[in-house]
Amino acid sequence: MPDEKKNTNYVHDVYIQKHILDEIEARCKNNKYEIIGMLVGNAFKYKGKEYVLINGFLFSEMIETSPIFTQVIDGAVGEMSTKKDKEYPGSIITGWWHSHPNLGVFLSSVDIKTMEMFNKGFHVALVVDPIRSERAFFKIDDEKHYHYVSYAVLREKK
């Protein structure tokens, strides 16, 4: 990763508001099984580099879940889309998030298939391991390999 302090033109792939990240991590800690949701915000370009600003997240109780697997069930995507339009007008889906309790942060083969549905260049996946206190953002490339992407947590001004 470039030395961000020396490079004032450095642009992270992801910017996320601290309270949003805190809420996602708290939700993950309060569930012993994997859970899943969507990330909300906007996509931007700076000097040719695309990045996202995440200012919200969506969650539905309409999921199937286990210690090593989660998926949304019929109606959940529509429910989250309606919530997005109501709670975050003018925002777009910037990706998705899910937990890997005590498994570490990575994208499984199922996660990569899910990521294929988020096929815009700016789409990201956030994986949280609430047991190990780990988190990471990912993208996939054209060969369907995943890679970590840089992110910055934005604190609210006091």
Check: Counting just the residues of the range 39-48 that are assigned to a strand (DSSP E or B) and over 10 Å from F122 (Cβ atoms), which one comes out nearest to the chain's Cα centre (by Cα)?
Finding: L39
Check: Within the set of pairs 6 or more residues apart or between chains, which connect a residue that is over 10 Å from M38 (Cβ atoms) inside the range 73-95 to a residue that is assigned to a loop (DSSP other than H, G, I, E, B) with Cβ atoms less than 8 Å apart?
Finding: I73/M62; D74/M62; G75/M62; E79/S60; E79/M62
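Here are V124, V128: which of them is in contact with an Asp or Glu (Cβ under 9 Å, 6 or more places away or on another chain) and within 19 Å of K49 (Cβ to Cβ)?
Details: V128 fails: within 19 Å of K49 (Cβ to Cβ).
Of the residues listed, the single one that is in contact with an Asp or Glu (Cβ under 9 Å, 6 or more places away or on another chain) and within 19 Å of K49 (Cβ to Cβ) is V124.
Answer yes or no as to whether S150 is modelled with pLDDT of 95 or more, in contact with an Asp or Glu (Cβ under 9 Å, 6 or more places away or on another chain), at positive phi and of a type in the set (G, A, S). Before the answer, list the steps.
Numbers: modelled with pLDDT of 95 or more: yes; in contact with an Asp or Glu (Cβ under 9 Å, 6 or more places away or on another chain): yes; at positive phi: no; of a type in the set (G, A, S): yes.
Against the criterion (modelled with pLDDT of 95 or more, in contact with an Asp or Glu (Cβ under 9 Å, 6 or more places away or on another chain), at positive phi and of a type in the set (G, A, S)), S150 does not qualify.
Which of the residues belonging to the range 82-113 are part of a loop (DSSP other than H, G, I, E, B) and in contact with an Asp or Glu (Cβ under 8 Å, 6 or more places away or on another chain)?
Step one: filter the range 82-113 for residues part of a loop (DSSP other than H, G, I, E, B), giving 88-91, 100-108.
Listed by number, the residues that qualify are H100, P101, N102, L103, G104, V105.
The values are calculated or read from the model by the stated rules, or taken from the named source; none is laboratory data. If you're wondering where the values come from, they're calculated on a predicted model, not measured in any experiment. Here the Cβ is made from the backbone with ideal geometry for all residues, glycine too, and neighbour counts use every protein chain on show.
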